[in-house]
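Novice: This is the structure I want to talk about, given as structure tokens.
Just so it is clear, none of the values below were taken in a lab; they were calculated from the coordinates. Please read all numbers here as calculations on a predicted model, not as lab measurements. Virtual Cβ from ideal backbone geometry, glycine too; neighbours counted across all protein chains shown.
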């Protein structure tokens, strides 16, 4: 009966097995597409709505009641101020913490406790940081920060990105091979000399990549900034860290909640600007990573 | 009882007295007492896991970098116990240099690799001379003198290892510890390293860990055979390889196990 079948030809049972494999493959593809297609549709929708609002005046005008005269100047300045201050605050703190945890801390309960805490902090909802920022930076440190100021916002966001930055820094430091450290110690280098001349320079591309990725997460943060009282309507740019401010994401939130269609178009345009900023930062991170990729 | 027939007659570069090393609860070195005579090459041989690398790392307190390692007993250098409270391990490593199993040049220029050690202690004025002298001592000068600014990772494995030797020599150590320095190299590069060891021993004391018994036979004056953390036999190299006193040593060097 089965004489017609070749010896190595797939039997019906194998065909059924293969079919099950195909079904699984299809399901996986569908799952991938759900995310990608949604994102593409969303982006296309935003582009369609927003592109026509992207005029030069959009970047040079302050928000206005009249959509035709409204711009993102204050939000753009606020975002740049905020990101700059966050980078200045969180980078040294994050790198120093990562160095301490990897190179100096004795392995023990204290180190484990801190490590666990940092991992957990990375997952804390950002609104919680907003409450913390409101209590500490806006109220308690009012004399220094000036209250609802860009520095209060930067400190709050710095707390938010620090755990991510520390973890990225630790991974970069851990990737520096032990043999390099041993070579350095073997020549009579102190711990500081080894960290300064070998660990940090070799870990720096990884640390920078991590920093940029952390910042690109922070650039879209809205909730904690609203919590600490960043204004939604503001017609000036900050001149000092103690000035009030707004940021792009808050501007988007503000415009998107207006009933008029034109404001939704403005919101879409602001989202495009935000996305371009974000993608440029990610591109920079990828470029850094490839440029300094090391072969050991 | 181990057979130990090497005596430094008061001229030991290094001397261990009942050295034990524990990694957490495991005892890796079980009480070794031996002398390393000055300006001689001593080879440490034995099967994997016998503790020869661990013992080598006791000589420049490299084990300090392993949190779980605990060293007891004494290691005497110039009559001073390396593990005494007043001793700074950084100063120990400056006097007792080390070359590692895998060539580990820094990802910097050839010049900066050699200059790194001297620069650690200040700003030497004759740095160029130190670099040239060290590279000459390591028999690498002629091959790299025209490209000192090139990245050291561009050198071949054998050149990299000689660079690591030059780097260690640049801080003028008194003892050079070598942990299987040729195990990652091809036979020609290995021959160069062995030749180099024989030149260097005029000025330095060398302790070399090796898996390669022919290598131990070729380069060393004395050989110590370790097994499971014990020093089994320590004698003139010829004796170890031709007429060892211990049955266990003989089984190992003739390849009956290990």
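Novice: One-quarter of the Cα convex hull surface for the stretch A:45-182, in nm²?
Specialist: On the way: hull surface 51.6 nm².
One quarter of the hull surface, i.e. the mean projection, equals 12.9 nm².
Novice: In the calculated pair distance distribution of the stretch B:1-96, what percentage of Cα-Cα distances lie above 16 Å?
Specialist: Working: 2527 of 4560 pairs.
Summing the P(r) of the stretch B:1-96 above 16 Å gives 55 percent of all pairs.
Novice: Per residue Cα convex hull volume for the stretch B:46-132, in cubic angstrom?
Specialist: In the stretch B:46-132, the Cα convex hull volume per residue is 159 Å³.
Novice: Two-decimal Rg/Rh of the protein assembly as shown from alpha-carbon positions, Kirkwood Rh? Numbers along the way, then the final one.
Specialist: Values: Rg = 32.7 Å, Rh = 28.6 Å.
My calculation of the ratio gives 1.14.
Novice: Can you pull the mean other chain C-beta count within 10 Å for peptide A:173-186?
Specialist: Working: counts 0, 0, 0, 1, 2, 2, 6, 4, 2, 7, 13, 6, 9, 19.
Partner-chain Cβ atoms within 10 Å, mean over residues of A:173-186: 5.
Novice: Okay, moving on. Computed over the Cα atoms of the stretch B:27-82, what is the convex hull's projected area averaged over all directions, in nm²? Show your work: numbers first, answer last.
Specialist: On the way: hull surface 17.4 nm².
Averaged projected area of the stretch B:27-82's Cα convex hull equals 4.3 nm².
Novice: Can you tell me what the convex hull of the Cα atoms of the stretch A:1-67 projects to on average, as an area in nm²?
Specialist: Numbers: hull surface 35.1 nm².
Result: 8.8 nm².
Novice: In 5 Å bins starting at 0, how do the alpha-carbon pair distances of the stretch B:83-173 split up by percent?
Specialist: 3, 15, 26, 25, 16, 8, 4, 2, 1, 0
Novice: Considering every residue in B:115-121, what mean count of other chain Cβ atoms within 10 Å of its Cβ is obtained?
Specialist: Working: counts 0, 7, 6, 1, 4, 8, 2.
Other-chain Cβ atoms within 10 Å of each residue's Cβ, averaged: 4.
Novice: For a label point 7 Å from the Cα of residue A:117 along Cα→C-beta, name the residues of the stretch A:82-99 whose backbone N is under 17 Å from it.
Specialist: A:93-99
Novice: Further question: Give the distance, in whole Å, between the Cα centre of the stretch A:116-132 and the Cα centre of the stretch A:40-114.
Specialist: 17
Novice: Based only on Cα atoms, what Rg/Rh ratio does the stretch B:16-165 have, Rh being taken as Kirkwood's radius?
Specialist: Numbers: Rg = 17.7 Å, Rh = 17.4 Å.
On the Cα set of the stretch B:16-165, Rg over Rh gives 1.02.
Novice: Moving on. Report D for the stretch A:23-108 in µm² per second (integer): Stokes-Einstein, Kirkwood Rh on Cα pairs, 20 °C, 1.002 mPa s.
Specialist: On the way: Rh = 17.9 Å.
Stokes-Einstein gives a translational diffusion coefficient of 120 µm²/s.
Novice: With N residues in the stretch A:115-218, what two-decimal value do you get for its Cα radius of gyration over 2.2 N^0.38 Å?
Specialist: Values: Rg = 17.7 Å, N = 104, 2.2 N^0.38 = 12.8 Å.
The stretch A:115-218 yields a ratio of 1.38.
Novice: Related question: What translational diffusion coefficient, to the nearest whole µm²/s, does the stretch B:1-52 have by Stokes-Einstein, given a Kirkwood radius computed over alpha-carbon pairs, a temperature of 25 °C and 0.890 mPa s viscosity?
Specialist: Reported coefficient: 197 µm²/s.
Novice: Here's something else I'd like to know. Taking only the alpha-carbon atoms of the stretch A:167-296, what semi-axes of the equivalent ellipsoid follow from 5 times the gyration tensor eigenvalues under a square root, in whole Å, largest first?
Specialist: On the way: eigenvalues 375, 56, 21 Å².
Result for the stretch A:167-296: semi-axes of 43, 17, 10 Å.
Novice: Continuing with this model, one more query. Compare B:213, B:98, B:178 in a GNM of chain B, Cα atoms joined below 10 Å, and give the one with the largest fluctuation.
Specialist: Residue with maximal mean-square fluctuation among B:213, B:98, B:178: B:213.
Novice: What is the mean number of Cβ atoms from other protein chains located within 10 Å of the Cβ atom of each residue in peptide A:18-27, rounded to a whole number? Write down the numbers at each step before the final one.
Specialist: Numbers: counts 0, 0, 0, 0, 0, 0, 0, 0, 0, 0.
The per-residue average across the peptide is 0.
Novice: For the stretch B:211-258, what does the alpha-carbon gyration tensor say about shape, rounded, prolate or oblate, given a ≥ b ≥ c as the root eigenvalues, a/c under 1.5 as rounded, and a/b over b/c as prolate? The partial results should precede the final answer.
Specialist: Working: a/c = 1.36, a/b = 1.27, b/c = 1.07.
Judged from the Cα gyration tensor, the stretch B:211-258 comes out rounded (a/c under 1.5).
Novice: Next question, about the same structure. Assuming R0 = 30 Å, can you tell me the calculated FRET efficiency for the pair residue A:27 and residue A:65, based on Cβ-Cβ distance, to the nearest 0.05? Intermediate values should be presented prior to the final figure.
Specialist: Numbers: r = 51 Å, r/R0 = 1.69.
E(calc), rounded to 0.05, equals 0.05.
Novice: May I pose another question? Please order A:288, B:140 by the number of other Cβ within 10 Å, starting at the fewest.
Specialist: Details: A:288 18, B:140 24.
Ascending Cβ contact count within 10 Å gives the list A:288, B:140.
Novice: In µm²/s, what is D for the stretch A:193-263 at 10 °C and 1.306 mPa s, where D = kT/(6 pi eta Rh) by Stokes-Einstein and Rh is the Kirkwood radius from Cα pairs? Let's see the in-between values first.
Specialist: Values: Rh = 15.2 Å.
D = 104 µm²/s.
Novice: Here is a further query. To check you understand DSSP bridge types, tell me what percent of the beta bridges within chain B (both residues inside) are antiparallel, rounded to 5. If you can, show how the numbers build up before the last one.
Specialist: Working: 26 of 45 bridges.
Of those bridges, close to 60 percent are antiparallel.
Novice: While we're on this one: How do B:65, A:82 rank when sorted from fewest to most other Cβ atoms within 10 Å of their own Cβ? Walk me through the intermediate numbers first.
Specialist: Details: B:65 15, A:82 29.
Going from least to most buried by this count: B:65, A:82.
Novice: Looking at chain A as a GNM with Cα springs under 10 Å, which of A:284, A:85, A:225 has the largest mean-square fluctuation?
Specialist: A:284
Novice: Under 10 Å, Cα contacts only: if you run a Gaussian network model on chain A, which one of A:208, A:231, A:66 comes out with the highest mean-square fluctuation?
Specialist: Greatest mean-square fluctuation among the candidates belongs to A:66.
Novice: Do me a favour and compute the ellipsoid semi-axes for chain B from its Cα gyration tensor, root of five times each eigenvalue, largest one first, whole Å. Write out the running numbers ahead of the final one.
Specialist: Details: eigenvalues 186, 91, 52 Å².
Semi-axes from the Cα gyration tensor: 30, 21, 16 Å.
Novice: Moving to a separate point now. Based on other C-beta atoms within 10 Å, arrange A:156, B:33, A:116 from fewest to most.
Specialist: Numbers: A:156 28, B:33 15, A:116 10.
The fewest-first ordering by Cβ neighbours comes to A:116, B:33, A:156.
Novice: Antiparallel DSSP bridges in the protein assembly as shown: what percent, to the nearest 5? Can you show the working numbers first?
Specialist: On the way: 26 of 45 bridges.
Of the beta bridges lying entirely in the protein assembly as shown, close to 60 percent run antiparallel.
Novice: What base-10 log of the normalised intensity I(q)/I(0) is obtained for the stretch A:153-207 from the Debye formula, alpha carbons as equal point scatterers, at q = 0.14, 0.15, 0.30 Å⁻¹?
Specialist: -0.45, -0.50, -1.08
Novice: If you split all Cα-Cα distances of the stretch B:161-205 into 10 Å bins from zero, what percentages do you get per bin, shortest first?
Specialist: 26, 61, 13
Novice: On a 0 to 90 degree scale, rounded to 10, what angle separates helix B:157-169 from the longest Cα axis of chain B?
Specialist: Tilt of helix B:157-169: around 90 degrees.
Novice: Going by alpha carbons, how many degrees (0 to 90, nearest 10) lie between the helix axis of B:127-137 and the longest principal axis of chain B?
Specialist: Helix B:127-137 sits at roughly 50 degrees to that axis.
Novice: Next question. Using every Cα-Cα pair within chain A, state what percent have a distance larger than 36 Å.
Specialist: On the way: 15697 of 43660 pairs.
Result: 36 percent of Cα pairs exceed 36 Å.
Novice: Further question on the same structure: Between residue B:221 and residue A:282, what is the FRET efficiency for a Förster distance of 51 Å, r being their Cβ-Cβ separation, to the nearest 0.05? Display every interim value, and only then the final one.
Specialist: On the way: r = 61 Å, r/R0 = 1.20.
Here the calculated transfer efficiency is 0.25.
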